[in-house]
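Structure first, commentary second.
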Amino acid sequence: MVTIENLHKKFGKNQVLSGVNLSITNGGIFAVLGPNGSGKTTLIKSVLGMVIPDKGTITVLGNSIKKNSDYRHKIDYLPQIANFPSNLRVKELIKMIKDLRKPTNEDERLIKLFKLEPFLNKKLGNLSGGTKQKVNLVLTFMFDSPLIILDEPTTGLDPISLIRLKDLIHAEKAKGKTIIVTSHIMSFVEEISDEIVFILEGEIYFKGSITELKNKTNQPDFEHAIASILTENHA
Amino acid sequence: MLKILKYSFYDLMRSRWSYVYLAFYLLLGIVLLFLNNDLSKAVITLMNVIIILVPLIGTIFGVMYYYNSKEFTELLLAQPLKRSSIFLGQYLGVALSLSMSLILGLGIPFIFYGLFKSNAIWDFSLLLITGTFLTLIFTALAFNIALSNENKIKGFGYAILLWLLLAVVYDGLFLMTLIMFEDYPLDKLSLVGTMLNPIDLSRTLILLKLDISALLGYTGAVFKQFFGTNFGIIISFITLTAWVLLPVLRIIYKSKKKDF
């Protein structure tokens with residue numbers, strides 16, 4: 001599905017990714033974890049073509065992403081911070097994105113699911129953080145693409161919406177899609193993910209299932225296993 | 001690209017500033033035409049305003065729009081769209097909406113004044129064409145500056161500086177050079193100097209179309225010999241087009257290499 005080879009990226013003097021090799025197979029939920037500033041978002045943005053790597057190759061569904069934009073038809077992306085043009089209305093934004101990508105009717109179901117009907121005619125600048133995130137989720141999930149990338153999907157969501165999001169993710173997985181998630185909420189990661197990719201100092205430190213991670217670190221639970229990697233490497 | 005252009009244009013048409021800009025030109029046109037009654041004087045005054053104001057508004061609007069639509073741009077980048085079409089669409093959206101304000105703002109009063117019956121229609125059209133060129137040029141330059149500077153304040157600073165340089169400082173330096181080397185033949189140098197700055201070029205083009213070019217003396221004669229001919233006009237428009245194309249090409253080039 002996604003293959004990354006020897007990916008390097010530097011912002012000024014700050015070496016963010018130094019030789020990432022990663023291959024993500026078809027189907028399943030992959031959680032990309034790592035401390036703040038470890039390069040998770042940079043890695044995801046490289047796959048999306050928003051960040052141009054210094055070195056290395058990325059292929060998505062067999063196509064190299066270099067000088068190519070069509071492959072993004074196959075990706076649904078949820079950005080980390082929901083920044084939208086503030087003078088647009090929710091309805092207009094959804095219509096615009098549909099116009100830019102392709103027509104779909106999924107949005108109606110998702111709007112009902114997240115109870116967004118009262119906000120459809122409000123301007124995006126006037127929405128609360130959580131509501132913006134729900135709009136963001138609608139925009140992401142309304143297209144039926146085989147690869148879904150979610151950058152911090154839980155930000156600002158209330159408990160009910162969080163449950164709905166989890167159901168949504170599981171439903172997409174059941175359709176055989178590949179989902180890449182980043183999150184700092186360990187319980188969320190533990191609940192949904194099939195496989196963990198741990199990034200540390202710009203490299204892949206660990207890739208495998210949660211059980212393998214627990215065995216490797218000799219910790220009884222997931223949260224402590226992650227914490228032990230961090231203390232070992234920073235102490 | 002056309003879709004992005006449509007949304008950027010639509011977005012700007014809803015913004016208050018487009019209307020302020022339009023209203024300003026409407027007012028200017030009405031005041032100059034109906035309180036003055038001398039058409040060629042009105043065109044000269046308009047020229048002076050356009051030559052200074054259009055580049056200023058173009059740079060400021062361009063830089064402002066780029067920074068303000070950062071979020072929109074990031075949203076678009078994750079969609080299956082080419083980078084060049086995103087940025088060109090936005091650029092054309094800004095440049096065309098500004099040009100439209102200019103053309104409508106000045107055109108409407110002129111039509112009511114009875115432009116189609118007067119002889120000044122060519123002078124006036126030239127005024128609008130150069131105004132549109134200046135809008136395209138300076139908006140493109142503004143996008144270049146904004147693309148190269150993450151920092152808003154720096155971007156604005158450079159944009160103002162660029163305008164100051166081309167609209168004011170360049171003329172000063174040019175004049176100083178002419179005075180310093182007045183013992184030498186300067187015809188060619190002054191022609192080239194005028195060609196290299198789009199603001200000077202536009203001003204010369206309009207001045208020479210008007211009767212007052214006789215006032216320019218010997219230099220005027222040399223200029224008239226060059227710019228007055230078809231060859232000169234063609235060269236001038238090629239230069240103006242190059243001034244549009246080069247920054248636009250750099251927008252495409254720069255946008256392909258940028259990280260978001």
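The values are calculated or read from the model by the stated rules, or taken from the named source; none is laboratory data. Computed from a predicted structure; not experimentally measured. With ideal geometry, Cβ positions are generated from the backbone for all residues, glycine too; neighbour counts draw on all protein chains shown. All accessible areas refer to the heavy atoms of the entire protein, side chains included, with ligands and DNA or RNA removed. Shrake-Rupley method; radii C 1.70, N 1.55, O 1.52, S 1.80 Å.
Based on the alpha-carbon gyration tensor of the range B:114-160 and its eigenvalue square roots a ≥ b ≥ c, which shape applies: rounded if a/c is under 1.5, prolate if not and a/b is larger than b/c, or oblate?
Details: a/c = 6.15, a/b = 4.44, b/c = 1.39.
Prolate.
Once the Cβ-Cβ distance between B:Leu173 and A:Ser228 is put in as r, and R0 is 60 Å, what FRET efficiency do you end up with, to the nearest 0.05?
Numbers: r = 67 Å, r/R0 = 1.11.
Once rounded, the FRET efficiency stands at 0.35.
What is the Cα radius of gyration of chain A over 2.2 N^0.38 Å, N being its residue count?
Values: Rg = 18.0 Å, N = 235, 2.2 N^0.38 = 17.5 Å.
In units of the globular-protein estimate, chain A measures up at 1.03.
Between A:His170 and B:Tyr10, how high is the FRET efficiency from 1/(1 + (r/R0)^6) when r is the Cβ-Cβ distance and R₀ = 30 Å? Nearest 0.05.
Numbers: r = 39 Å, r/R0 = 1.29.
Calculated value: 0.20.
What do you get for the angle between helix B:16-34 and the principal long axis of chain B? Use alpha-carbon atoms, 0 to 90 degrees, nearest ten.
20
Quick one: which of B:160-168, B:34-42, B:51-59, B:93-101 comes out on top by average Cβ neighbours within 10 Å, and what's the full order, highest first? Present the calculation step by step, with values, prior to reporting the outcome.
Values: B:160-168: 16.1, B:34-42: 13.7, B:51-59: 22.0, B:93-101: 24.0.
In descending order of packing, they fall as B:93-101, B:51-59, B:160-168, B:34-42.
Counting each DSSP H run of 4 or more residues in chain B as -39500 (n - 2.57), what helix-only mean residue ellipticity at 222 nm follows after dividing by all residues, to the nearest 500 deg cm²/dmol?
Numbers: 12 runs with 213 residues, N = 260.
Calculated from helices alone, the mean residue ellipticity at 222 nm is -27500 deg cm²/dmol.
At the nearest 100 Å², what buried accessible area, both sides summed, do you get for A and B when the probe is 1.4 Å? Mind showing how you got there, number by number?
Details: alone 11690 and 13790 Å², together 23290 Å².
Roughly 2200 Å².
What angle, in degrees between 0 and 90 and rounded to the nearest 10, separates the Cα long axis of helix B:170-180 from the longest principal axis of the Cα atoms of chain B?
The angle comes out at about 40 degrees.
How much of the DSSP beta bridge set in the protein assembly as shown is antiparallel, as a percent to the nearest 5? Write out the running numbers ahead of the final one.
Working: 21 of 39 bridges.
Percentage antiparallel, nearest 5: 55.
Please list the three semi-axes, largest first and in whole Å, of the ellipsoid equivalent to the protein assembly as shown, using sqrt of 5 times the eigenvalues of its alpha carbon gyration tensor.
Working: eigenvalues 631, 135, 57 Å².
Listed largest to smallest, the semi-axes of the protein assembly as shown are 56, 26, 17 Å.
How many Å² of accessible area per residue for the range A:52-192, probe 1.4 Å?
Numbers: 6420 Å² over 141 residues.
Result: 46 Å² per residue.
Which FRET efficiency value, to the nearest 0.05, is calculated for A:Gln219 and B:Phe260 with the Förster distance at 35 angstrom and r the Cβ-Cβ distance?
On the way: r = 37 Å, r/R0 = 1.07.
Calculated value: 0.40.
So, in Å, what gap is there between the alpha-carbon centers of the range A:66-130 and the range B:73-148?
One Cα centre to the other: 30 Å.
Output ³J(HN,Hα) for the range A:194-199: one whole-Hz value per residue in order, computed from phi by the Karplus curve 6.51 cos²θ - 1.76 cosθ + 1.60 with θ = phi - 60°, and x for Gly and Pro.
After applying 6.51 cos²θ - 1.76 cosθ + 1.60, I find 8, 9, 10, 10, 9, 9 Hz.
Taking only complete DSSP H runs, can you tell me which helices of chain A stretch 20 Å or more along their own long axis by Cα positions and average at least -0.5 on the Kyte-Doolittle scale?
Working: long enough: A:159-174 (23 Å, 0.23).
Membrane-span-like by this criterion, though nothing is claimed about a membrane: A:159-174.
Work out the mean other chain Cβ neighbour count within 10 Å for the residues of B:81-88 and drop it here as an integer. Could the numbers behind the result be given before it?
On the way: counts 5, 4, 5, 1, 1, 1, 0, 0.
Taking all residues of B:81-88 together, the mean is 2.
Mind checking the mean number of beta-carbon atoms from other chains within 10 Å of the Cβ atoms in A:208-220? Can you show the working numbers first?
Values: counts 0, 0, 0, 0, 0, 0, 0, 0, 0, 0, 0, 0, 0.
Average neighbour count from other chains, rounded to a whole number: 0.
Roughly how many debye, to the nearest 20, is the charge dipole of chain B about its Cα centre, given +1 on each Lys and Arg Cβ, -1 on each Asp and Glu Cβ, and no other charges?
On the way: 20 positive and 13 negative charges, 204 e Å.
Roughly 980 debye, rounded to the nearest 20.
Hey, how many Å between the Cα centroid of the range B:41-66 and the Cα centroid of the range A:1-50?
First find each Cα centre; the distance between them is then 46 Å.
Could you check the simple spin-label distance between A:Ser23 and B:Val20, using points 7 Å along Cα→Cβ, in nm with one decimal?
Taking the two extended label points, one gets 5.8 nm.
Out of all Cα-Cα pairs in the range B:2-257, roughly what percent, to the nearest whole number, are more than 31 Å apart?
Values: 9669 of 32640 pairs.
Summing the P(r) of the range B:2-257 above 31 Å gives 30 percent of all pairs.
Report in % the part of the accessible area of chain B that belongs to carbon and sulfur, leaving out ligands and nucleic acids; probe 1.4 Å. The partial results should precede the final answer.
Values: 9120 of 12660 Å².
C and S atoms contribute 72 percent here.
Quick check: the angle from helix B:2-13's long axis to the longest principal axis of chain B, C-alpha only, nearest 10 degrees?
Relative to chain B, helix B:2-13 is tipped by roughly 70 degrees.
Which value, in Å² rounded to 10, gives the accessible area of B:Ile129 with a 1.4 Å probe and all protein chains present?
Near enough 80 Å² of accessible area.
Regarding the range B:27-165, what is the average projected area of its C-alpha convex hull, in nm²?
On the way: hull surface 37.6 nm².
Spelled out: convex hull of the Cα atoms, projected over all directions, averaged, 9.4 nm².
If one computes the Cα centroid of the range B:8-26 and of the range A:169-235, what distance in Å separates the two points?
51
Using the basic label-point model (7 angstrom from Cα toward the beta carbon), what is the A:Thr57 to A:Glu108 distance in nanometres?
Label at A:Thr57, label at A:Glu108, 4.5 nm between them.
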